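The values are calculated or read from the model by the stated rules, or taken from the named source; none is laboratory data. Here the structure is a predicted model, which is why all the values come from computation and not from measurement. Don't worry about glycine lacking a Cβ; one is built from the backbone with ideal geometry, like all the others, and counts go over all protein chains shown. Ligands, DNA and RNA are excluded from the accessible area calculation, which covers all protein heavy atoms including side chains. Shrake-Rupley method; radii C 1.70, N 1.55, O 1.52, S 1.80 Å.
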Amino acid sequence: MSRDLHYAIRSLSQDRGFAAMVALSLALGIGANTAIFSLVNGVLLRPLDYREPERLVAISQASPKFLKLYPALPVNSASWLEWRKQSTSFESIGAYQNSALTLTGSGQPELITGAAVSANFFHVLGVAPRLGREFLESEDRSGQDQVVMIADSLWRRRFQADGGIVGRKIMLDGKPFLVIGVLPPDFQFPKQEDDLGRHTNGRMEIYRTLGYQPDDTVLHGGDLNYWPVARLREGVSIVRASAELNAVEAAIDSKSGPDVDFRATIVPLQDKLTGNVRESLIVLMGAVGAVLLVLCVNLANLSLARAAGHARDSAIRTALGASRGQLVRQSLMESAVLSAIGGAGGILLAYWGVRWLLAAAPIDIPRLADVHLDSRVLLFALAISLATALIFGILPALRSSASRRPFETLKAGSRTSTEGRGGINVRNILAGLEVGLSAALLVTAGLLIASFVRLTTIDKGFDVERVLAVDVSPPGARYPKPEQRTEFFQRVLDQARALPGVQSASISSYLPLQGESWVDVVKTENDTRSEAQLPATNLRFISPGYFKTLHIALRAGRDIEPGDRSQMVAVISAGLAQKLWPGLDALGRKLNDNGKLHEVVGIAADVRSTSLDKDPVNMLYIPYWQRPRFSSSILVRTGMDPAGIASALRAAIWSVDAEVPVPEERTLEQVMSESVARRRFQMLLVLLFAAAALALAAFGTYGVVAYAVTRRRAELGIRMALGAQRGDVLRMVLRQGMTPVFAGLCAGAVAALGIGQYVASLLFQVSPRDPAAFGIAAATLLAVSAAACLIPARRATRINPIDALRFD
């Protein structure tokens, strides 16, 4: 073994250019694969950082009526408490709800995102605070719920890591809350992908208890606000727990009323947290793996050419008594040395690649904090290093040792003969394989690009250009009464509308493209249908001017006006109007929302308000003063760059109340960009890998044709001496070079059909067999391959027959 290693090092040192190129290529390929695998490992494979995470499950519920729109719904507090009381399959069941609190009294007012959790929530996860204690069961109830636990990041940022914070009171929403604990620095909150509510910046930093009241324990079918997380008892399966929970749920539904029909769904918590990104990450892993395979095939082709050039040496060694096993072992040792160097460089590149991925990845990819180079990732890098050594080294090793007749090998490799047919065929097959893999990747990238273009250019129903948005949450203690909150928002609106360059300003309880919000069922004034037959509707609480600010068309009627304060009015979407009054004019009719009748004064166009890849949902727009929220968004349309008035808008809000936190302003273009960030990230990476594969395939095709021209120089000279025209030689070389390209393209197209079916769920309004994607990919590949073949083909036409024969 040491002799083989010594020989491999000496051989490579004599061919330093080849060795350097192979090692660098492998470093890039292994580094890219290792970086992407670290993402897959951290998000999908690494166990959750909780005690016995395999026993943690997420519970949601679904109704047959809403299954298509809402496959996973939260639960109400009464159902969750009933489950906890009756179920025997779980050690404990906790629950949470999104929350945000305004921190004052220690620096600039800041809106801190977090959650309201059940007192046993952290016990369910198996997470103990690093400082202080956990919540007590008694602190779950209203009146005893003014206690909080804070994240390590908040503790360090706002309280300078003061160990005395435990037992101290801080001001949240204008009320004193007792800090009872600080969570560990590595704690990550298990926020579910389909969690309804405002998107956060991924940082959950403050946790309070639920504070439910006695009325919240009465069984009913509404107020679906909480997401349960539970720990299974030892040895209890999800199937058994689901059966028991649904038996309990059936009894709850029968007590809640005839229209209530829910089914509980239990899935492993890790699957719940990562389910929406699983396919995307697998596609990325497959794409970068395909690039590495193309690279290995390319290097195998180069190694075959190098082995052919060293065929005389191998023949001499065979004649001197070297066995085939010795030749194979020595050749594979060269590949192993190159792969070891490339693997070491790949790990170093992966370190920087992971940092780039974390900086570029969308914040809505879960568990990004778990992405790093751990032992599993390093073992993966070692495994693919060994695999690449075998893949690109085995064929050259076998070819160089294949002949047991040294004289024939010397004859085939002489300058007076063309190369043996077997060597040419092998390289052509490898070139075709490169083209096939590249074609499959190009088609996949084309499908994702077409999907992304369709998504970003689809008619949203509203205009995002030159609109600035900022979330505003007046502290509840300072504005406890609805009329106080109404007056606050009206004063903010007046100040915003008075700013220079502002064309219109309005309020909305929820920004567009940030998911579902307040979902309820509504009906007509005299509707006798059951709740299960009524349309689910998203409610938005808005101010006059909302439709003007977002350029949402009014199909009929008018906007909400300031003079409507004494009336119960509403604007509805065209889709909701059709569902409530099919074929009739909805204007002037009465709509029943939870027993409150609203007169329909306007019908607005349907908008893709929840997300771009979902059809418009039913929308009910109600004046904000009818139900003043504790948190709403100010929307300002300007005639200039909206970023130019950001500071002025912030000052305008603080002129009304200097203790109101004002988070960073965002344009609606930024909001839209964030809503498609995951798709864009995936598309760009697949496109990058496809481009790399295309370049490698072109290089491989060029190498095969160029090598063939060099080896056949004498033959081509003879043909031209016997009367062959330059055009004939050009066509012959092109035909022979493009034959494996066409074969590979056909095979790649077939593979792309199968891949398209897998990625179909990632596409938007694009068929996995989209002819444009296949056509553009094929045309690109053929054009690049033809250009790669044309360079050596033109060189062949310039061969001087006399020089070629004299050289021979």
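For the reader, a short list of remarks on this structure follows.
- With DNA, RNA and ligands ignored, accessible area of D364 (1.4 Å probe; Å², nearest 10): 70 Å²
- Within the stretch 585-636, chymotrypsin sites (Phe, Trp or Tyr not before Pro) in DSSP loop having at most 12 other beta-carbon neighbours inside 10 Å: none
- Partner aspartates and glutamates whose Cα lies under 15 Å from the Cα of K175, excluding those fewer than 8 positions away in the same chain, are identified as E110, D145, E659.
- Probe 1.4 Å, all protein chains present, accessible-area order of D770, D641, largest first: D641, D770
- Size of electric dipole in the chain: Cβ of Lys, Arg +1 and of Asp, Glu -1, about Cα centre, debye, nearest 20: 3920 debye
- Tensor-based shape of the stretch 1-94 (alpha-carbon gyration tensor, a/c under 1.5 rounded, otherwise prolate or oblate): prolate
- Pairs from K579/K614; K460/K590; K460/K614 whose Cα-Cα separation, in the structure shown, is over 21 Å: K460/K590
- For the chain, the membrane-span-like helices by this rule, meaning whole DSSP H stretches whose C-alpha atoms cover at least 27 Å of axis and whose Kyte-Doolittle mean is 0.0 or above, are 16-40, 269-309, 324-360, 375-400, 421-457, 677-711, 726-758, 771-797; this says nothing about an actual membrane.
- Computed E for A360/V236 - FRET, C-beta separation, R0 51 angstrom, nearest 0.05: 0.80
- Summed over the residues of the chain and divided among them, the accessible surface reaches 43 Å² per residue at a probe radius of 1.4 Å.
- Radius, Kirkwood style, for the stretch 630-697 when every pair of distinct Cα atoms is counted (Å): 15.4 Å
- Extending 7 Å from the Cα toward the beta-carbon at both T88 and T710 defines two label points whose distance is 7.9 nm.
- Simple point charges give the picture: +1 on the Cβ of Lys and Arg, -1 on the Cβ of Asp and Glu, and for the stretch 526-664 a dipole about the Cα centre of about 220 debye.
- Charge-dipole axis of the chain as Lys and Arg at +1 and Asp and Glu at -1 on Cβ define it, positive-most pick from A116, S611, A708: A708
- Accessible area of the chain belonging to carbon and sulfur atoms, whole % at 1.4 Å probe: 57 percent
- Taking the alpha carbon gyration tensor of the chain, multiplying each eigenvalue by 5 and rooting it gives semi-axes of 64, 32, 25 Å, largest first.
- The separation of the stretch 92-150 from the stretch 581-656, counted between C-alpha centres, amounts to 31 Å.
- In range of the label at L584: residues from the stretch 510-554 whose backbone nitrogen is under 17 Å from the point 7 Å along Cα→Cβ: 522-530, 534-535
- Taking all Cα pairs closer than 8 Å and separated by 6 or more residues, the relative contact order of the stretch 513-553 comes to 40 percent.
- Rolled with a 1.4 Å probe across the full set of protein chains, the surface gives M171 an accessible area near 70 Å².
- Debye, to nearest 20: dipole size of the stretch 42-173, +1 on Lys, Arg Cβ, -1 on Asp, Glu Cβ: 220 debye
- GluC sites (Glu not before Pro) restricted to DSSP loop in the stretch 120-168 with at most 14 other C-beta within 10 Å: none
- Distance from the Cα centroid of the stretch 1-66 to that of the stretch 486-512 is 51 Å (rounded to whole angstrom).
- Whether the stretch 546-609 is rounded, prolate or oblate, judged on the alpha carbon gyration tensor where a/c under 1.5 counts as rounded: oblate
- Positive-pole candidate from V297, L332, V277, dipole of the chain, charges at beta carbon: L332
- The stretch 497-587: GluC sites (Glu not before Pro) falling in loop per DSSP and having at most 15 other Cβ within 10 Å: E525
- Label-to-label distance, nm, for residues given as R376 and D641 (7 Å Cα→Cβ offset): 4.5 nm
- For the chain, the residue among A439, Q160, G639 whose Cα projects farthest onto the positive side of the dipole built from Cβ charges is A439.
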